[in-house]
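The values are calculated or read from the model by the stated rules, or taken from the named source; none is laboratory data. Everything numeric here is computed off the predicted structure, so don't read it as measured data. A quick note on method: Cβ atoms are made from the backbone with ideal geometry, for glycine too, and the neighbour counts reach across all protein chains shown.
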Amino acid sequence: MEQTAIKGTIFDIQHFSVSDGPGIRTTVFFKGCPLRCKWCHNPESYVPQTQIMYVSGKCSLCGKCAEICPSSCHSIQAGNHRYQSEHCTGCGRCAKLCPAEALTCVGQSMSAGEVLSEVLADSLLYETSGGGLTLSGGEPMLQPAFALTIAKEAKANGLNVCMETCGFASSEKFQEILPYIDLFLYDYKLTGIEKHQKYTGVSNELILSNLALLDSAGKDIILRCPIIPDVNTDDDHMEGIIQTANQLTHLREIHLEPYHNAGVSKWQNLGLQELPALLTPPDTKTMDSFARRIAAGTQKEVHVM
Amino acid sequence: MYERQKESLAAYYQKITLQKDRLADDTYHKQFFDTRRQIIEEFETFYAQNPDTPFALFKSRMHTLMAKYCRPVIFEGNPFFFEFGYREAQSWGISEINPIRFLKQKISIGLHDKFPILTQCEKEFEPVFDLAALGICSASSSFDGDHHTLGYTNLFQHGLSGLMEKLQNRLDTFEENSEEALYCRAMLESCHAVLTIAEKFADAAREKLAGCANEKQKQYLELLAETAGKIPAMPPQTFYEGLAMLLFTREAAATLEEIGISQLGHVDRLLGPLYEQDLLAGRITEEEARELISIWMLHTDIKFDLAHNSWPETSTCIQLGGCDRDGQPVYNTVTRMFIEEHHRLGLINPKLNCRYRNDSPTEYLTAAGKAMLAGHNNFVMINDDIIISGLQKSGVALEDARMYVSGGCQETMIEGFGHTEGVAFYASMPRVLDLFLQGDAPDFVIPCGVPESYEAFYESFMTSICTFFTKMITWRNMRQSYYRQLTPSPFFSATQTGCIENGRDYSHGGAKYNFSTISLIGLGTVADSLFAIKTMVYEQQKVSLPEFVRILSANWEGHRDLQKEIIALPKYGHNHPEADGLANRFLQDFTKNLYPHKNERGGNYIPSLFVYYHFETFSHVLRATPDGRNAFELISAGAAPGQLREIKDVTMPVKSMQHMDFTSCGGGSAVLDVKLPLSRHMTPELFASFIRACGQYHCPTIQPNVVSQEELLDAKLHPEKHQSLIVRICGLSAFFVALTPEVQDEIIARNLYQM
């Protein structure tokens, strides 16, 4: 277990997860993501460092945080709490002190062993349901050695292991980890290099070549497609999904994930200056019509999540 | 068909609904009370002539008179016979107007004359009412008027005639006029009365048949005329007869004995084979069986105006699943039909008490899951391994233990083997701890002093709490040994193994098993309090015990930082081995100390950890507790964790249970409330897996709820939009919108484990 001393940054471990792969699962959310999707509802997953989250509704304006913060991120001005995150080092002193629990730490450093012991505690739930562990994020492949250790040990303990990935990581690292992953939940966000670059900040070439790599290695794949109004609801993208799906031999299902705006307040809470565009979530009818179209074009199971 | 029945039953029960002390319909009121008067007059004559008759024979005499004057009610188009016309609609335990009530009152007066010591005894019992006022216990009733199950299996096997034959044979072996012989005579007389009433139903059906022109209605009346009398005399031969047996004998016992018979039977175990036989012989179709089941289940909800009832207890349950006496798993078409019809009709009662174990078929758990996930929050899932092993630890034979059922809420009863007195009393352990620390009720709870180590503190608390319970039990036994004279139940006892053999009533220890159950309230609060004292006072020495006690009596005023630090400590139910271990140690030590106590029937006291709504009243008199709780806030419920720290997900308390050994409760039920995630991806199959995993984590009884916080909040604001929202609370299910705002708030607060 010496290797399991390796540390990584996690922003959540979700137990009893029923939408991140088969059965009842535990999903480990890795902090840090190479993409900057314009619609992201998990902005706390962007940077790999620990961050402070501030919920104004809970704040009692006591000012204790302003007193203790070594980087002067907090201030009380004219009866308002101002939180500026640019200089925050994530030391967490303010969160520890905050009597109203308005400040919390997002992200904690954990060893692979610690993560595993929390995951293995749910083994009986996996056994009875055919579930297991899901590595998610953020992007788990941004901490490849940490992810590899966890996946390896989980497999050694007989767990089913899934990985949710955006696919933007080195192909060698995917090669290394793929023997320990049973199922990839692989993002397919946009069709076309330029569009991908525009809305996520990166090109999709590496992503598509990694997808082909996993498929040729014989790995089970579920394609996860976020559906974002006015961004990727066009015919080209629907065709793109169908074409990509038809090129894969080991594709099991296609999941369509309608955009939701539940994460918008998190941007403010993190003290981020730039806010994401607020879009209207697609209605069920629209989603169902996309699902029917893709199912007809691929002969695969399509689920609206 | 079902809808017509619903209307006709509703019309009848509306008329006999008790409003203050009158029945809603004057005609019925007059009829009820005229009959009651006739019975009482005749009884008084008998009493005057035979004042020294044993109490059981007074009761059986009363049964004879009730049979004589019974005017059975037959509902048009209903194949069942169950309405004796003696109780008001809403009665589930002790009825206000039932003639048998008079007998209890009369004997009660006689009892004081006969046993002057009883008056003395009651005087000595008075402090217990002070205790109740202090919020330590509930001691308002001297009887368990609920939590009984009739010996249905004995009735199915022998028929009432078979049991009477057994009785007659046993009677012949007793010395004439011996106590046992007289008691057997009472049992015989009561059984005769039950048979007479059944035959009266047949007579009434025949009478109606004469003037009936409707072919369909004729068929039902012919069926009734043919069946009533044969049932309950003979063992049921068909599915229909089985249903008729359960309903008729349950109503007979509840009406004649004045004890709540909360269990309608382990229906799939008893009826499954009869249904299969009928099906093979072509006597029934599944559709017909479902119709019978739906009409059979209808009779409880319809008596109570549940949509406008702020505390809709009906104490009516059925048992499903589990295993039979040989240990074979029980699951069949009847199980599925009961679950599906209950869900389809949107019923609240009978409550669905589902036993499960490791080898319960997935199909069974999935059927329950399907209804649950659609918001039919009417289930409890009871872990056979915990209850059966527990009962064995209490000395119950394995085959007998397998016959357990549960009800009013989830109280364990061994069907056909006596009475386990579901709640002898409730006791608030946090209140005992509070008085132990504060030392201001030394007459009841030995004060704490200043122990030097945590071990010394713990020992001292254990001694104090055990001394308190010994006192409670002594008082109670003393009082019960006289008061049980009031409750001989010769018909009920005739169905319980042991009573015929011993020639003794169940209330006098005649049955094979004679437990009493004490319901312990606030395990989580006490365990967390002990953990806080251990850590803060003795290990980290952040505060001295006397100072801590002062802080608590001042409700943390000026010490909010300490309170915050304490709330952040590990808590029971959060899968923390040390915190859970402390709770378990407390439970094991306490039960060990409780076992030597015997009740007035010679049986053991066993603890249970479930809660009725009393825990709210217990909470609202309680000062701040060492776990970080503010004064008057809610204490923990049943086997569930306290509410000071957020429970992030449902797996947390479930995993905690592996650190607990609830079999030490000796069969007493421990109930864990869980809130299941409302995800579209949550399937009945996953529910089944979850329940199975709960069993493997040694969870005791699971009381699940599937409802969103948003819906609860909206239902409180806009009740008109949520008329059919069902929630599970404290051992019963209810329409959320009918509950009082206080109870609604409590449910909202307790609706933990958001996903």
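What number of residues within region B:372-417 satisfy the criterion of being modelled with pLDDT under 95 and on the phi > 0 side of the Ramachandran plot?
Summing the residues that are modelled with pLDDT under 95 and on the phi > 0 side of the Ramachandran plot in region B:372-417 gives 3.
Inside region A:56-150, counting only helices (runs of 4 or more DSSP H) that do not spill past its ends, which hold 1 or more residues that are free of Cβ contacts under 8 Å to residues at least 24 places away in the same chain and within 14 Å of another protein chain (Cβ to nearest Cβ)? Give the steps one after another, and end with the answer.
On the way: elements: A:64-68, A:93-97, A:112-120, A:123-129.
Counting at least 1 such residues, we get A:93-97, A:112-120, A:123-129.
Has region B:575-582 got at least one residue that is assigned to a loop (DSSP other than H, G, I, E, B), within 14 Å of another protein chain (Cβ to nearest Cβ) and crowded, with 20+ Cβ neighbours inside 10 Å?
Applying the first criterion (assigned to a loop (DSSP other than H, G, I, E, B)) to region B:575-582 yields B:575-576.
The next check asks that each one be within 14 Å of another protein chain (Cβ to nearest Cβ); those that pass are B:575-576.
Those left that are additionally crowded, with 20+ Cβ neighbours inside 10 Å: B:575.
Looking for residues that are assigned to a loop (DSSP other than H, G, I, E, B), within 14 Å of another protein chain (Cβ to nearest Cβ) and crowded, with 20+ Cβ neighbours inside 10 Å, one finds at least one in region B:575-582, hence yes.
Which residues, counting only those in region B:470-516, are in contact with a Cys (Cβ under 9 Å, 6 or more places away or on another chain), at pLDDT below 95 and either among the small types (Gly, Ala, Ser) or closer than 23 Å to B:Ser669 by Cα (or both)?
B:Met472, B:Ser481
Does B:Gly260 satisfy the criteria of being at positive phi and either in contact with a Gly (Cβ under 9 Å, 6 or more places away or on another chain) or not assigned by TED's automatic domain parsing to the domain that holds B:Asn78 (or both)?
Values: at positive phi: no; either in contact with a Gly (Cβ under 9 Å, 6 or more places away or on another chain) or not assigned by TED's automatic domain parsing to the domain that holds B:Asn78 (or both): yes.
So B:Gly260 fails the test.
Between residues in region B:666-692 that are under 27 Å from B:Gly422 (Cβ atoms) and residues that are among the basic types (Lys, Arg), which pairs lie under 9 Å by C-beta distance while being six or more apart or on different chains?
Qualifying pairs under 9 Å: B:Gly666/B:Lys393; B:Gly667/B:Lys393; B:Asp673/B:Arg728; B:Asp673/B:Arg750; B:Lys675/B:Arg750.
Checking the structure you have, find out if any residue of region A:283-295 is at pLDDT 90 or above, assigned to a strand (DSSP E or B) and crowded, with 17+ Cβ neighbours inside 10 Å.
Among the residues of region A:283-295, not one is at pLDDT 90 or above, assigned to a strand (DSSP E or B) and crowded, with 17+ Cβ neighbours inside 10 Å, which makes the answer no.
Just checking, does region B:638-657 include any residue being of a type in the set (Val, Ile, Thr), at pLDDT 90 or above and under 22 Å from the mean Cα position of the chain (by Cα)?
No.
Could you tell me whether B:His698 is farther than 21 Å from B:Met413 by Cα and surrounded by fewer than 22 Cβ atoms within 10 Å (Cβ to Cβ)?
Details: farther than 21 Å from B:Met413 by Cα: no; surrounded by fewer than 22 Cβ atoms within 10 Å (Cβ to Cβ): yes.
No, not satisfied.
Mind checking which residues of region B:677-694 are of a type in the set (A, V, I, L, M, F, W, C), more than 7 Å from chain A (Cβ to nearest Cβ) and in a helix (DSSP H, G or I)?
Kept after step one, since they are of a type in the set (A, V, I, L, M, F, W, C), are these residues of region B:677-694: B:678, B:682, B:686-688, B:690-691, B:693-694.
Imposing the further condition that a residue be more than 7 Å from chain A (Cβ to nearest Cβ) reduces the set to B:678, B:687-688, B:691, B:694.
The answer is B:Phe687, B:Ala688, B:Ile691, B:Cys694.
Yes or no, residue by residue, for (1) touching a Lys or Arg at 6+ places or on another chain (Cβ under 8 Å); (2) part of a helix (DSSP H, G or I); (3) in the same structural domain as B:Ala441 (by TED's automatic domain parsing); (4) loosely packed, with under 15 Cβ neighbours inside 10 Å:
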| residue | (1), (2), (3), (4) |
| --- | --- |
| B:Lys123 | no, yes, yes, yes |
| B:Phe156 | no, yes, no, no |
| B:Gly159 | no, yes, no, no |
| B:Ala186 | yes, yes, no, no |
| B:Ile197 | no, yes, no, no |
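Would you confirm whether any residue within region B:574-590 is touching a strand residue (DSSP E or B) at 6+ places or on another chain (Cβ under 8 Å) and among the charged types (D, E, K, R)?
no
All but one of (1) in contact with a Ser or Thr (Cβ under 9 Å, 6 or more places away or on another chain); (2) over 17 Å from A:Cys37 (Cα atoms) hold for A:Arg292; which doesn't?
Here A:Arg292 meets the rest and fails (1).
Any residue at all in region A:265-274 that's under 30 Å from A:Ser209 (Cα atoms) and out of contact with any Cys (no Cβ under 6 Å at 6 or more places or on another chain)?
Here is the first cut: in region A:265-274, the residues under 30 Å from A:Ser209 (Cα atoms) are none.
For region A:265-274, residues under 30 Å from A:Ser209 (Cα atoms) and out of contact with any Cys (no Cβ under 6 Å at 6 or more places or on another chain): absent.
Which of the residues that make up region B:695-716 are within 14 Å of chain A (Cβ to nearest Cβ) and in contact (Cβ under 8 Å) with a residue 40 or more places away in the chain?
B:Gly695, B:Gln696, B:Tyr697, B:His698, B:Cys699, B:Ile702, B:Pro704, B:Val706
Need pairs with beta-carbon distance below 8 Å; first residue within 16 Å of A:Asp230 (Cβ to Cβ) and within region A:276-301, second in a loop (DSSP other than H, G, I, E, B) and among the aromatic types (Phe, Trp, Tyr); sequence gap 6+ or separate chains.
Hits for this filter: A:Pro276/A:Trp39; A:Ala277/A:Trp39; A:Leu279/A:Trp39; A:Leu279/A:Tyr259; A:Pro281/A:Tyr259; A:Pro282/A:Tyr259.
Of the numbered conditions (1) under 25 Å from the mean Cα position of the chain (by Cα); (2) under 27 Å from A:Leu251 (Cα atoms), A:Gly297 satisfies every one except a single condition; which is it?
(1)
State the number of residues belonging to region B:1-45 that are assigned to a helix (DSSP H, G or I) and touching a Lys or Arg at 6+ places or on another chain (Cβ under 6 Å).
The qualifying residues number 3.
Please go through region B:656-676 and give me each residue that is more than 14 Å from chain A (Cβ to nearest Cβ) and in a helix (DSSP H, G or I), ordered by number. Show your work before the answer.
Within region B:656-676, the subset more than 14 Å from chain A (Cβ to nearest Cβ) is B:660-673.
Answer for region B:656-676, where residues must be more than 14 Å from chain A (Cβ to nearest Cβ) and in a helix (DSSP H, G or I): B:Phe662, B:Thr663, B:Ser664, B:Cys665.
Does region B:631-645 include one or more residues that are in contact (Cβ under 8 Å) with a residue 24 or more places away in the chain, part of a loop (DSSP other than H, G, I, E, B) and within 14 Å of chain A (Cβ to nearest Cβ)? Before you say what the answer is, go through the steps one by one.
First, pick out the residues of region B:631-645 that are in contact (Cβ under 8 Å) with a residue 24 or more places away in the chain: B:631, B:634-645.
Now narrow it down to the ones that are part of a loop (DSSP other than H, G, I, E, B): B:631, B:634-645.
From what is left, the residues that are within 14 Å of chain A (Cβ to nearest Cβ) are B:644-645.
Yes.
Working only within region B:727-755, note down all residues that are within 14 Å of chain A (Cβ to nearest Cβ) and either modelled with pLDDT of 85 or more or on the phi > 0 side of the Ramachandran plot (or both).
Result: B:Tyr753, single match.
Can you tell me which condition B:Phe304 does not meet? The list is (1) at pLDDT 95 or above; (2) aromatic (Phe, Trp, Tyr); (3) surrounded by fewer than 24 Cβ atoms within 10 Å (Cβ to Cβ), and all the others hold.
(1)
Inspect all residues belonging to region A:27-44 and state whether any of them is outside the structural domain of A:Gly131 (by TED's automatic domain parsing), aliphatic (A, V, I, L, M) and either over 30 Å from B:Thr683 (Cβ atoms) or not in a loop (DSSP other than H, G, I, E, B) (or both).
No, because not a single residue in region A:27-44 is outside the structural domain of A:Gly131 (by TED's automatic domain parsing), aliphatic (A, V, I, L, M) and either over 30 Å from B:Thr683 (Cβ atoms) or not in a loop (DSSP other than H, G, I, E, B) (or both).
Considering each residue of region A:12-32, count those that are surrounded by 22 or more Cβ atoms within 10 Å (Cβ to Cβ) and more than 14 Å from chain B (Cβ to nearest Cβ), and give that number.
Residues that pass the stated criteria total 2.
So, in region B:481-495, how many residues would count as being under 17 Å from B:Tyr513 (Cβ atoms) and either polar (S, T, N, Q) or not assigned by TED's automatic domain parsing to the domain that holds B:Gly509 (or both)?
First, pick out the residues of region B:481-495 that are under 17 Å from B:Tyr513 (Cβ atoms): B:484, B:489, B:492-495.
Going one step further and asking which of them are either polar (S, T, N, Q) or not assigned by TED's automatic domain parsing to the domain that holds B:Gly509 (or both), we end up with B:489, B:493, B:495.
The total comes to 3.
Has region A:37-44 got any residue that is touching a residue at least 60 places away in the same chain (Cβ under 8 Å), within 14 Å of chain B (Cβ to nearest Cβ) and in contact with a strand residue (DSSP E or B) (Cβ under 6 Å, 6 or more places away or on another chain)?
no
Would you check which residues across region A:296-305 are closer than 18 Å to A:Ile221 by Cβ and either touching a Ser or Thr at 6+ places or on another chain (Cβ under 9 Å) or assigned to a helix (DSSP H, G or I) (or both) and list them? If you could, list the steps in order and put the result at the bottom.
First pass over region A:296-305, keeping only residues closer than 18 Å to A:Ile221 by Cβ: A:297-303, A:305.
Those that are closer than 18 Å to A:Ile221 by Cβ and either touching a Ser or Thr at 6+ places or on another chain (Cβ under 9 Å) or assigned to a helix (DSSP H, G or I) (or both): A:Gly297, A:Thr298, A:Met305.
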